[in-house]
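The values are calculated or read from the model by the stated rules, or taken from the named source; none is laboratory data. All figures in this text were calculated on a predicted structure; none of them were measured in a lab. Note that each Cβ is placed from the backbone with ideal geometry, even for glycine, and that neighbours are counted across all protein chains shown. With ligands, DNA and RNA removed, areas are computed over all heavy atoms of the protein, side chains included. Shrake-Rupley method; radii C 1.70, N 1.55, O 1.52, S 1.80 Å.
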Amino acid sequence: MKIYFHLNLEGFSNCYVIVNEKTREAIIIDPGQITTEIINHIEIGGYKLTGVLISHNHGSHVAGLTSLRKIYSPKVYAADWEVARNDTNVLKDDGVIKIAGLDVEYFSLPGHTNDSMVYKIGNVIFTGDSLSACKIGSTNSKFSERTLVKNIKQKILSQTDDTVIMPGHGPPTTVGVEREFNPKLTSDK
């Protein structure tokens with residue numbers, strides 16, 4: 001598995017292209033903007049785009065989906081039906097799906113938004129806006145913040161320390177770093 005990082009300058013959000021070199025298939029996570037560089041990774045690499053994973057339905061994470069679907073015919077996975085309407089494979093709760101020959105674990109992680117999903121492929125977790133380097137996603141109430149912190153602790157911090165976290169914004173981090181240094185996760189509040 002290879003992971004290619006792309007920065008969406010309009011929303012300063014991260015987009016990821018995950019490639020299975022054995023099956024020659026690809027997955028895109030959070031296509032905030034579709035660029036020539038993203039298309040080149042797929043076309044020059046000779047990959048078939050088989051899936052798109054959406055962490056939550058915010059413009060900086062889904063705006064490029066319309067353009068992407070005009071070029072390719074991937075399956076779209078999200079917790080919010082409105083992402084691609086009838087073409088959305090709606091995910092609920094936690095589970096595992098197979099995309100591009102890879103096992104993709106998904107975890108419902110409400111708090112930042114009701115439809116927040118986190119995806120784990122191998123030893124890498126793609127957290128959208130739920131968790132970034134040493135901070136958690138914004139929330140609209142104390143209840144939502146407590147819910148988000150509880151879900152992060154149960155579903156993300158339960159992973160091994162060396163599990164890599166690829167957030168929706170900002171640099172990568174690890175579970176071990178977040179467990180030790182994230183102020184919202186280390187406090188007993």
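Output the number of residues of the range 160-189 satisfying the condition of being within 16 Å of the chain's Cα centre (by Cα) and not in a helix (DSSP H, G or I).
Of the residues in the range 160-189, 12 are within 16 Å of the chain's Cα centre (by Cα) and not in a helix (DSSP H, G or I).
Here are 152, 136, 125: which of them is within 21 Å of residue 19 (Cα to Cα) and either touching a helix residue (DSSP H, G or I) at 6+ places or on another chain (Cβ under 9 Å) or touching a residue at least 12 places away in the same chain (Cβ under 8 Å) (or both)?
125
What are the residues in the range 7-62 that are acidic (Asp, Glu) and either under 11 Å from the mean Cα position of the chain (by Cα) or assigned to a strand (DSSP E or B) (or both), if any?
25, 30
Against the condition surrounded by 14 or more Cβ atoms within 10 Å (Cβ to Cβ) and assigned to a helix (DSSP H, G or I), how does residue 3 come out, does it pass?
For residue 3, the condition - surrounded by 14 or more Cβ atoms within 10 Å (Cβ to Cβ) and assigned to a helix (DSSP H, G or I) - is not met.
Do we have residue 66 as open to solvent by 10 Å² or more (accessible area, probe 1.4 Å), among the β-branched types (Val, Ile, Thr) and part of a strand (DSSP E or B) here?
No, not satisfied.
In the range 87-106, is there at least one residue being open to solvent by 20 Å² or more (accessible area, probe 1.4 Å), part of a helix (DSSP H, G or I) and farther than 24 Å from residue 21 by Cβ?
Taking every residue of the range 87-106 in turn, at least one turns out to be open to solvent by 20 Å² or more (accessible area, probe 1.4 Å), part of a helix (DSSP H, G or I) and farther than 24 Å from residue 21 by Cβ.
Take the residues in the range 69-86 that are part of a helix (DSSP H, G or I) and among the β-branched types (Val, Ile, Thr); name whichever of them is nearest to residue 169 (Cα to Cα).
Checked the range 69-86; the qualifying residue nearest to residue 169 (Cα to Cα) is 83.
Answer with yes or no whether residue 155 is closer than 15 Å to residue 109 by Cα, open to solvent by 80 Å² or more (accessible area, probe 1.4 Å) and not polar (S, T, N, Q).
Against the criterion (closer than 15 Å to residue 109 by Cα, open to solvent by 80 Å² or more (accessible area, probe 1.4 Å) and not polar (S, T, N, Q)), residue 155 does not qualify.
Considering the range 120-152 alone, what residues qualify as being open to solvent by less than 30 Å² (accessible area, probe 1.4 Å) and among the β-branched types (Val, Ile, Thr)?
121, 124, 125, 127, 136, 149, 152
Does residue 100 satisfy the condition of being out of contact with any helix residue (DSSP H, G or I) (no Cβ under 7 Å at 6 or more places or on another chain) and either over 21 Å from residue 164 (Cβ atoms) or among the basic types (Lys, Arg) (or both)?
Here the answer is no, as residue 100 does not meet what is asked.
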